[in-house]
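Enquirer: Here it is: the structure, laid out below.
The values are calculated or read from the model by the stated rules, or taken from the named source; none is laboratory data. Bear in mind that the values here come from a model prediction, so they are computed numbers and not experimental data. Virtual Cβ from ideal backbone geometry, glycine too; neighbours counted across all protein chains shown.
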Amino acid sequence: MNHVAVTGELRVVDESYLKPAPEEGVELYTSPWVGGTKAAVYFGPIISEIFIPDEEDWTNATARLYESLREKARLLGANAVVGIESSVDPFATRDGVSGLLYRAGGTAAVLEPL
């Protein structure tokens, strides 16, 4: 289950991990280690961000952000994202519009029980 980076591309030794995980199968963890599991594969870092203009309601921003992170991990074939960190920039601007930039990132992985 080794993945080797070769001049900017990813060479996959075991392609069985390159299928999307089940929709419900992606768990999110702030810790880089999850008790009772081992990482069979690390796909590497993934990042999601949402820009919310000042006039837009941002009450469900966290749910949208983490759902985006789950979807990116699922498409890689991961069943977890570990070591999640998030940040908020309340003074962000995009195309001259000010708003809130909400960002989260972690490492997509396939976790298996010990």
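Enquirer: Does the stretch 16-25 contain at least one residue that is of a type outside the set (A, V, I, L, M, F, W, C), outside any helix (DSSP H, G or I), surrounded by 14 or more Cβ atoms within 10 Å (Cβ to Cβ) and at pLDDT 95 or above?
Expert: no
Enquirer: Quickly run through the stretch 30-49 and pick out the residues that are within 25 Å of Leu100 (Cβ to Cβ) and surrounded by fewer than 18 Cβ atoms within 10 Å (Cβ to Cβ).
Expert: Listed by number, the residues that qualify are Thr30, Pro45, Ile47, Glu49.
Enquirer: Out of (1) modelled with pLDDT of 90 or more; (2) charged (D, E, K, R); (3) more than 26 Å from Pro113 (Cα to Cα); (4) out of contact with any Leu (no Cβ under 8 Å at 6 or more places or on another chain), the odd one out for Glu49 is which?
Expert: Single failed check for Glu49: (4).
Enquirer: What number of residues within the stretch 63-97 are surrounded by 14 or more Cβ atoms within 10 Å (Cβ to Cβ) and among the hydroxyl-bearing types (Ser, Thr, Tyr)?
Expert: 3
Enquirer: Continuing with the same structure: Please tell me if Thr93 is out of contact with any Lys or Arg (no Cβ under 7 Å at 6 or more places or on another chain), modelled with pLDDT of 85 or more, part of a strand (DSSP E or B) and of a type in the set (Ser, Thr, Tyr).
Expert: Taking the combined requirement at face value, the residue satisfies it.
Enquirer: Among (1) under 11 Å from the mean Cα position of the chain (by Cα); (2) more than 30 Å from Gly36 (Cα to Cα); (3) not small (Gly, Ala, Ser), which single condition is Pro90 missing?
Expert: Unmet condition: (1).
Enquirer: Looking at (1) part of a loop (DSSP other than H, G, I, E, B); (2) surrounded by 12 or more Cβ atoms within 10 Å (Cβ to Cβ); (3) hydroxyl-bearing (Ser, Thr, Tyr), find the lone condition where Thr59 falls short.
Expert: (2)
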